[in-house]
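Notes to accompany the following structure.
The values are calculated or read from the model by the stated rules, or taken from the named source; none is laboratory data. Quantities reported herein were computed from a predicted structural model and do not represent experimental measurements. Cβ placement follows ideal geometry from the backbone for every residue including glycine, while neighbour counts extend to all protein chains displayed. Quick note on the areas: whole protein, heavy atoms, side chains included, nothing else; ligands and nucleic acids left out. Shrake-Rupley method; radii C 1.70, N 1.55, O 1.52, S 1.80 Å.
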Amino acid sequence: MIRSGNPALKESTFLDLGSGAVVSRDAGAMTLNGTVNKTGILLLLAVLTAAFAWSQSVAVGSDGIPTIAPGVVGYMLGGAIGGFVLALITIFKKTWAPVTAPLYALVEGFFLGSISAMYELRFDGIVFQAVLLTFGTLFALLMAYRSGLIKATENFKLGVVAATGGIFLVYLATMVLGFFNINIPLIHESGIVGIGFSLFVIVIAALNLVLDFDFIENGVEQGAPKYMEWYGAFGLMVTLVWLYLEFLRLLSKLNSR
């Protein structure tokens, strides 16, 4: 049973929808090294567009103090909506992943660059800290997984998936209530409860990385087709973006105290 809290890496990802059997390709099968390389490519593409969006999101005022440029909202909303649409296309059309996954990384970079610039202007140095924490968490959990310190058992997977679903419902409720100017108290504030909530979300996001590692490894062992390297890299990218944003939120709460 293959299970992941990441909606891009769900149980049926490596299954043939026609027969229910695992898809296997003797020639051009998915490999671990290929997935790692493609993950690196997606990260590089996201960094390139993020750097561009960052440069366009910061303007220098007449007093010489950096401020947010008027076009930052366009980069942020365009990147968020475009990334969401491309993510849905990739999830439902896995064979398109060699094209849609790089496009997702490029578009998501615009969102990440613009929102990072906004956080950085408010809290100097916060972006560098969030990047270090994100990749530090990635490599720490990868080493723990490879060494067998953390094992993706079925109960472990069920717990992480359930917690991920609960977090999704909280964020969905926050968005819906926001349209009516209603805020969920405490959890989105910089108090003890808000910081504790952010720490909990970060732990769950980090544990999703373990599920992603396990899921990709299963796909490699079962001989998934070559294009699934791009799809696996895309799924891992989704989790990393979530983890990075949660670190930004946590650090901003800590700096606001």
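Overview of results
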read-out: Charge dipole magnitude, Cβ of K and R +1, D and E -1 - the chain, Cα centre, debye nearest 20; value: 120
read-out: By accessible area with a 1.4 Å probe, ligands and nucleic acids excluded, highest first: order of Thr95, Thr134; value: Thr95, Thr134
read-out: Positive-end extreme of charge dipole, the chain - chosen from Ser57, Leu149, Gly74 (charges on Cβ); value: Leu149
read-out: Largest-first ordering by accessible area, 1.4 Å probe, given options Ile182, Ile204; value: Ile182, Ile204
read-out: Choice from Ile184, Ile115, Ile126 showing the highest fluctuation, given a GNM over the chain with Cα pairs closer than 10 Å; value: Ile184
read-out: Calculated from backbone phi, Karplus (6.51, -1.76, 1.60) coupling profile of segment 182-195 in Hz, x at Gly/Pro; value: 10, 10, 6, x, 6, 5, 9, 9, 8, x, 4, 5, x, 5
read-out: Fluctuation leader among Ala80, Ala46, Ala59 - the chain, Gaussian network, Cα springs under 10 angstrom; value: Ala59
read-out: Euclidean distance of C-alpha centroids, segment 104-175 and segment 201-257, integer Å; value: 6
read-out: Of (i) 25.7; (ii) 18.9; (iii) 19.3, the label for Kirkwood radius over Cα pairs in Å derived from the coordinates; value: (iii)
read-out: Computed [θ] at 222 nm, deg cm²/dmol, the chain (DSSP H ≥ 4; -39,500 (n - 2.57); rounded to nearest 500); value: -24500 deg cm²/dmol
read-out: Under Karplus coefficients 6.51, -1.76 and 1.60, residue-wise ³J(HN,Hα) of segment 35-46 in Hz, glycine/proline x; value: 5, 4, 4, 6, 5, x, 5, 4, 5, 5, 4, 5
read-out: Segment 139-257 - charge dipole about Cα centre, Lys and Arg +1 at Cβ, Asp and Glu -1, debye rounded to 20; value: 300
read-out: Using a Förster distance of 30 Å, the FRET efficiency for Met143-Leu48 (Cβ separation, nearest 0.05); value: 0.60
read-out: Of Ser147, Ser57, Ser116, the one that fluctuates the most in a GNM where the chain has Cα springs shorter than 10 Å; value: Ser147
read-out: Under-5 Å amide H pairs with Ile68, H placed in peptide plane, nonlocal only; value: Ala59
read-out: Solvent-accessible area per residue for the chain (1.4 angstrom probe, square angstrom); value: 50
read-out: In Hz, Karplus ³J(HN,Hα) per residue of segment 156-161 (6.51, -1.76, 1.60; θ = phi - 60°; x = Gly, Pro); value: 4, 5, 4, x, 5, 5
read-out: Solvent exposure, largest accessible area first (probe 1.4 Å, DNA, RNA and ligands not counted), of Ile216, Ile41, Ile192, Ile187; value: Ile192, Ile41, Ile187, Ile216
